[in-house]
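Accompanying notes for the structure given below.
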There are 2 protein chains.
Amino acid sequence: MESTNAQEPGSRAGDAPASDHERDRLTVPQGLAALSLDALASVAYGPEAIVVVLAVAGSRGLGFTLPVTCAIVVLLAALTFSYRQVIAAFPNGGGAYAVAGRHLGRRVSLVAAASLIIDYVLNVAVSVSAGVAALTSAFPGLYGDRVWLCVLVLGLITAVNLYGVAESAKVMIVPTVVFVVAVFAVIVVGLLRTHPATAPTHPTASATSTVGVLLLLRAFASGCSALTGVEAIANAVPTFRSPRVKRAQRTELTLGALLGAMLIGLSLLIGKFHVAPNSTKTVLAQLTDASFGHNAGFYIVQFATMVLLALAANTSFGGMPVLTSLLARDNNLPHVFALRADRQVYRHGVLVLAGAALVLLIGAQGDTQALVPFFAIGVFIGFTISQVGMVRHWQIERGLGWQGRAALNGLGAALTAVALVIELVAKFGEGGWLVFLAVAVLVALFEGIHRTYRRIGVGLHLGEVPGPPQPRRSLVVVPVGAVNLLTREAISAALSLGDEVRAVTVVHPDDRDDQDAAGTDRVRNAWNAWHPDVPLTVLTSRTRSLTRPIVDHLRAVGAEDEHDRLVVLIPEMQLPRPWQRLLQNQRGAVLDRAIRRYTDAVICRLRFRIDVPR
Amino acid sequence: MESTNAQEPGSRAGDAPASDHERDRLTVPQGLAALSLDALASVAYGPEAIVVVLAVAGSRGLGFTLPVTCAIVVLLAALTFSYRQVIAAFPNGGGAYAVAGRHLGRRVSLVAAASLIIDYVLNVAVSVSAGVAALTSAFPGLYGDRVWLCVLVLGLITAVNLYGVAESAKVMIVPTVVFVVAVFAVIVVGLLRTHPATAPTHPTASATSTVGVLLLLRAFASGCSALTGVEAIANAVPTFRSPRVKRAQRTELTLGALLGAMLIGLSLLIGKFHVAPNSTKTVLAQLTDASFGHNAGFYIVQFATMVLLALAANTSFGGMPVLTSLLARDNNLPHVFALRADRQVYRHGVLVLAGAALVLLIGAQGDTQALVPFFAIGVFIGFTISQVGMVRHWQIERGLGWQGRAALNGLGAALTAVALVIELVAKFGEGGWLVFLAVAVLVALFEGIHRTYRRIGVGLHLGEVPGPPQPRRSLVVVPVGAVNLLTREAISAALSLGDEVRAVTVVHPDDRDDQDAAGTDRVRNAWNAWHPDVPLTVLTSRTRSLTRPIVDHLRAVGAEDEHDRLVVLIPEMQLPRPWQRLLQNQRGAVLDRAIRRYTDAVICRLRFRIDVPR
């Protein structure tokens, strides 16, 4: 069954799994809940990312929050309209990997895949840490335990995904609506107030920098982390209810409008209340406090934020295992990533994602703002690649008004490329180089794996019809212990399978008998009394080792060239009750491992169910 | 090979492993280092255990340290002479399990074994925590991390024992001598001083209790933890150099003298310097400070103590896996405990010991004195059982002067029984009941396992000569993927083994093809083009499950009663380089697990080495 997929490397990227029934598919609000959670949830850390950068220039720096946010919203608008076109052009799902694979070649599609993987991992780490920050802002006593809380939340999400709970978009609507309504309530109430209900932290440290171009670019680059996730709808068009394209486009526009409005509103509030970053209380928590006061409303917003961020982390678990399974089917990752376990979960993808996010969370000590510099770079690589791919798409299709469409996607490509360059310049020293290194390493890994699978295909003579099968004489060796029912069953099975059968046993002379001869004789006498017409070889081992003498014996037997096919049949008893299985010794497993490692023999394991009388 | 040992349950307890060469065996100083480490190291926590109890009665209570210690030393003397006789009577090793098994019956020997296991575990936990306490007394800044330090030390010891480093008694002599010399130096220097070099902690809290009989008994019971380990020499007589019995007896007497002198000396110092217990600084550290001052000498003593205690913990790792392997060979524990891994280590015994000690260390938060109440009870159960067994031994032997010997062991039995009753009364509420419960649970476990092995023996018809083996027709089913070299190899092997061979493959229709028929046809055409003269069954699975359709198919085939022996041959490729093996999919392992779980088929796994061109 090995390497079934090695025979036809081909691109099936973008085959989003389609559910069978139309009524299970997504409407616009459900689409927002299922696919736009992480984009919407990013308002919990995006504005803060801007403020953290600007705060080094003191309150004069913080005054630039609104202009920087406006630049980001312009970019958001361009992306929203660009992706509206991607949806129309790729109704089967238009992830960057699919678009690039079709129009820009394998190498570019691998770069897109690598940047997507990095962003899936960062989305988990950032969402979890921001969710925990929402919690510790409400309960400052938990701040010291934030790393443990992050690990706990990550563990819960991972367990849920390993267990394979089917996500229900309908269930997710509730927290999404609560969060969006809560954020707008914070904005509206805050804008109507003349004074903050609770005074937020003001910048205490004096400015350590003046407002320069580089500072503004860095603030812009950090703030772009709020745009992560706007591509998710375009990847999943087939999951929408008919008319799919229209509904998906409407969802994309709604997302753009909501996200833009929230970003502008929050930055207005930041300016009005002179909010400054604070390591133990998030900006959103400070704004909520300023608008609502420190009452039940404050706790509701913090709790809704935490739940939404946990769900946002969960969306990576929906996306990355599917992407890694596609990569595995195209021979760019080990085939185990395409193997679904019993629960129909791509377990390896889930575990790799969780492990990588765990490393990031512990490395950053649960601090969201330490992770943000890495974020967004990968996203913008994907954005740019997919917009450039779209331009190529329109050029090839040349449908009615293709120039206009190409121009729009071209504008998107230009803006996202500029944003990417800004990210590069602004964050390179802060850790941006690590993301580039990671993309390069991942692409090299994909290419190396792909090359190896091609070589394996050559080794298997794929594509040729192999010669006819050639049966050979078989010699079956059976390691036995005492003479009992299990031994009888094993010798019976061996006689059914082999042309020649030999039994072998190991005696430990220092074990029960003082002399080698006595132990050997006892075993041999029992065997002769049974006279099964099968020769028995008695091996002795002074070291109480079981595997060494048998492996040596098998090698000697295998070296006799007269026997073409060497088979080892390992008998094991199978007890009826699970707890009784603890009483079985593990000799079968130990022998199996050693024989597999040191010989070429075919290993057969016979499990003989034994009735244990009460 | 299963259940080789089930046929002859018998007592081989006490067969200590003998090394081959006489010069590798132990002299008296080496015997002290190899076998008496934990007894000698117990002076690091034994006197403290007395002081902790007496301190609740204030300085008047602490005044009773010397009398209580003297009572303990009297008991030590009785034990030393009793074990001198045990050595003479059981030159092949006279552990409580062996003595009780020979003279007091199976049930009593199991009680002895259970109490020994509990003490092995407690010795590890107490030694590790006391060793870490010696370290944190020297470096108080580490006190907050003591639990982590305990886990680290335990992990190191476990790793060393899993790796199977042969203990060298010669290496252990150095820390043992350093420790003994250091403790005597502390005692002598301290007794010669008129005033302490550094004033130790004095009792700050006022007395909360008066000095009553129960308090003194509790102090005595706690202090008896210093006597743990005096039985170890008697268990290991065969490891001594000739004349074995004489050397072992001399070692036992030397141990008794050294231990008694150290206990008395330390309690004199405690009285002289009015030392009171202190949670962050051990009594031994306070005494060292008082004798030497806070200089290099102090740090040397603390470091030597820590090293010796770590080695003392290590002695349990020498003893318990051997005991559990003996229990397993007598069918009282699962046979895996008698299975040595490649490195000649009883891995299961080591891991169970480490796991249990870890639970205790974390439960006690690394506090030695929280563990001491549990300690010593088990030891005294073992002491009493083995002395009673010795009385029976002399009664049966009736050699020259047997009455005197029986009287001496009888005195030992009486004293240890009294001490056991004291332990019972004094510590029952403090956690002593837990030890009794644990002994009862372990004995019930041993008995249950023994009963089950007896039933398995009945199921295997042990002791009867089974009927002759009966070969049957065999049907070999081969799950295949594409048609390639691996498939050819698998079908060739199947034809060598089976009377009838059938191939089976699973097609996922939603995977590459829109219709079921297309995928099925493609597979079938490739098969027919190869025409291997073996029928192919094509199964379809919409859920991308591989195992479900194959298991269902095997069950259906197995139900056709014409085929007597159903064999599944799973082909797997084996790639030459280890890193390439990461590229193999795990379908073989997944299929193996599922088929083993749901069917009775014999599973054969064929590994085909593939040449991967460069």
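The values are calculated or read from the model by the stated rules, or taken from the named source; none is laboratory data. Just so we're clear, the structure is a prediction, and the values are computed from it rather than from any experiment. Using ideal geometry, Cβ is built from the backbone for each residue, glycine included, and neighbour counts are taken over all protein chains shown.
Values computed for the structure shown
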{"item": "Close pairs (6 angstrom Cβ cut-off, 6 or more residues apart or separate chains): closer than 18 Å to B:Leu420 by Cβ in segment B:91-114, of a type in the set (Phe, Trp, Tyr) anywhere", "result": "B:Ser109/B:Tyr97; B:Leu110/B:Phe446; B:Ala112/B:Tyr97; B:Ala113/B:Tyr97"}
{"item": "Selection status of A:Val439, more than 14 Å from chain B (Cβ to nearest Cβ), in contact with a Ser or Thr (Cβ under 6 Å, 6 or more places away or on another chain) and over 30 Å from A:Leu606 (Cα atoms)", "result": "yes"}
{"item": "Pairs where the first residue, in segment B:574-589, is facing chain A (nearest Cβ under 9 Å) and the second is surrounded by fewer than 17 Cβ atoms within 10 Å (Cβ to Cβ) and assigned to a helix (DSSP H, G or I), C-beta under 6 Å, 6+ apart", "result": "B:Leu575/B:Arg581"}
{"item": "Positions within segment B:590-601 being among the β-branched types (Val, Ile, Thr) and more than 8 Å from chain A (Cβ to nearest Cβ), in sequence order", "result": "B:Ile595, B:Thr599"}
{"item": "Residues of segment B:361-403 satisfying the condition of being outside any helix (DSSP H, G or I), hydrophobic (A, V, I, L, M, F, W, C), in contact (Cβ under 8 Å) with a residue 40 or more places away in the chain and out of contact with any Asp or Glu (no Cβ under 8 Å at 6 or more places or on another chain)", "result": "B:Ala364"}
{"item": "Which listed residue is in a helix (DSSP H, G or I), among the hydrophobic types (A, V, I, L, M, F, W, C) and more than 15 Å from B:Ser115 (Cα to Cα), from B:Val458, B:Val439", "result": "B:Val458"}
{"item": "B:Gly319 more than 10 Å from chain A (Cβ to nearest Cβ), at pLDDT below 85, buried (at least 22 other Cβ atoms within 10 Å of the Cβ) and in a helix (DSSP H, G or I)", "result": "yes"}
{"item": "Boolean, B:Ala290 is of a type in the set (A, V, I, L, M) and in contact (Cβ under 8 Å) with a residue 60 or more places away in the chain", "result": "yes"}
{"item": "Index of the failed condition, A:Ile422 passing every other in (1) at pLDDT 85 or above; (2) in contact with a Gly (Cβ under 9 Å, 6 or more places away or on another chain); (3) assigned to a helix (DSSP H, G or I)", "result": "(2)"}
{"item": "Any hit, segment B:500-508, residues being closer than 13 Å to A:Ala493 by Cα and in a strand (DSSP E or B)", "result": "no"}
{"item": "Identity of the residue in segment A:520-546, part of a loop (DSSP other than H, G, I, E, B) and over 15 Å from A:Thr487 (Cα atoms), that ends up farthest from the other protein chains (Cβ to nearest Cβ)", "result": "A:Ser541"}
{"item": "Of the criteria (1) at pLDDT 85 or above; (2) at negative phi, which one A:Gly105 fails", "result": "(2)"}
{"item": "Total residues in segment B:602-614, condition within 24 Å of A:Ala494 (Cβ to Cβ) and either modelled with pLDDT of 85 or more or facing chain A (nearest Cβ under 8 Å) (or both)", "result": "6"}
{"item": "Top-ranked residue in segment B:442-472 [being more than 7 Å from chain A (Cβ to nearest Cβ) and under 30 Å from A:Gly498 (Cα atoms); ranked as surrounded by the fewest Cβ atoms within 10 Å (Cβ to Cβ)]", "result": "B:Glu464"}
{"item": "Number of the exception - A:Pro549 against (1) over 25 Å from B:Ile570 (Cα atoms); (2) within 9 Å of chain B (Cβ to nearest Cβ); (3) touching a residue at least 40 places away in the same chain (Cβ under 8 Å)", "result": "(2)"}
{"item": "Failed criterion for A:Leu284 (all others in (1) modelled with pLDDT of 90 or more; (2) of a type outside the set (Lys, Arg); (3) within 32 Å of the chain's Cα centre (by Cα); (4) surrounded by fewer than 23 Cβ atoms within 10 Å (Cβ to Cβ) hold)", "result": "(4)"}
{"item": "Neighbours by Cβ (under 6 Å, 6+ apart or cross-chain): first from segment A:454-469, touching a residue at least 40 places away in the same chain (Cβ under 8 Å); second of a type in the set (Val, Ile, Thr)", "result": "A:Ile456/B:Val612"}
{"item": "Failed item, numbered, when A:Thr487 is tested on (1) modelled with pLDDT under 85; (2) within 8 Å of chain B (Cβ to nearest Cβ)", "result": "(1)"}
{"item": "Selection status of A:Leu420, within 20 Å of A:Trp433 (Cβ to Cβ) and away from chain B (no Cβ under 14 Å)", "result": "yes"}
{"item": "Any hit, segment A:510-517, residues being at pLDDT 80 or above and in contact with a strand residue (DSSP E or B) (Cβ under 7 Å, 6 or more places away or on another chain)", "result": "no"}
{"item": "Yes/no for A:Val74 being of a type in the set (Val, Ile, Thr), at negative phi and under 24 Å from the mean Cα position of the chain (by Cα)", "result": "no"}
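Residue by residue, here is whether (1) crowded, with 23+ Cβ neighbours inside 10 Å; (2) in the same structural domain as A:Val43 (by TED's automatic domain parsing); (3) among the aromatic types (Phe, Trp, Tyr) holds:
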site: A:Leu255; (1), (2), (3): yes, yes, no
site: A:Ile270; (1), (2), (3): yes, no, no
site: A:Pro277; (1), (2), (3): no, no, no
site: A:Thr280; (1), (2), (3): no, no, no
site: A:Leu308; (1), (2), (3): yes, no, no
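Let's see how each residue does on (1) modelled with pLDDT under 80; (2) in contact with a strand residue (DSSP E or B) (Cβ under 7 Å, 6 or more places away or on another chain); (3) not assigned by TED's automatic domain parsing to the domain that holds B:Ala526:
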residue	(1), (2), (3)
B:Leu554	no, yes, no
B:Glu560	yes, no, no
B:Val567	no, yes, no
B:Met573	no, yes, no
B:Val590	no, no, no
B:Thr599	no, no, no
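Listed here are the residues, each with its yes/no results for (1) touching a Cys at 6+ places or on another chain (Cβ under 6 Å); (2) under 21 Å from A:Asn409 (Cα atoms).
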position	(1), (2)
A:Ala88	no, yes
A:Pro91	no, yes
A:Gly95	no, yes
A:Val99	no, yes
A:Leu104	no, yes
A:Arg107	no, no
A:Tyr120	no, no
A:Asn123	no, no
A:Val132	yes, no
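For (1) assigned to a helix (DSSP H, G or I); (2) within 15 Å of B:Val372 (Cβ to Cβ); (3) at pLDDT 90 or above, each residue gets a yes or a no:
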| residue | (1), (2), (3) |
| --- | --- |
| B:Leu122 | yes, yes, yes |
| B:Ser127 | yes, yes, yes |
| B:Ala130 | yes, yes, yes |
| B:Gly144 | yes, no, no |
| B:Val153 | yes, no, yes |
| B:Ile157 | yes, no, no |
| B:Asn161 | yes, no, no |
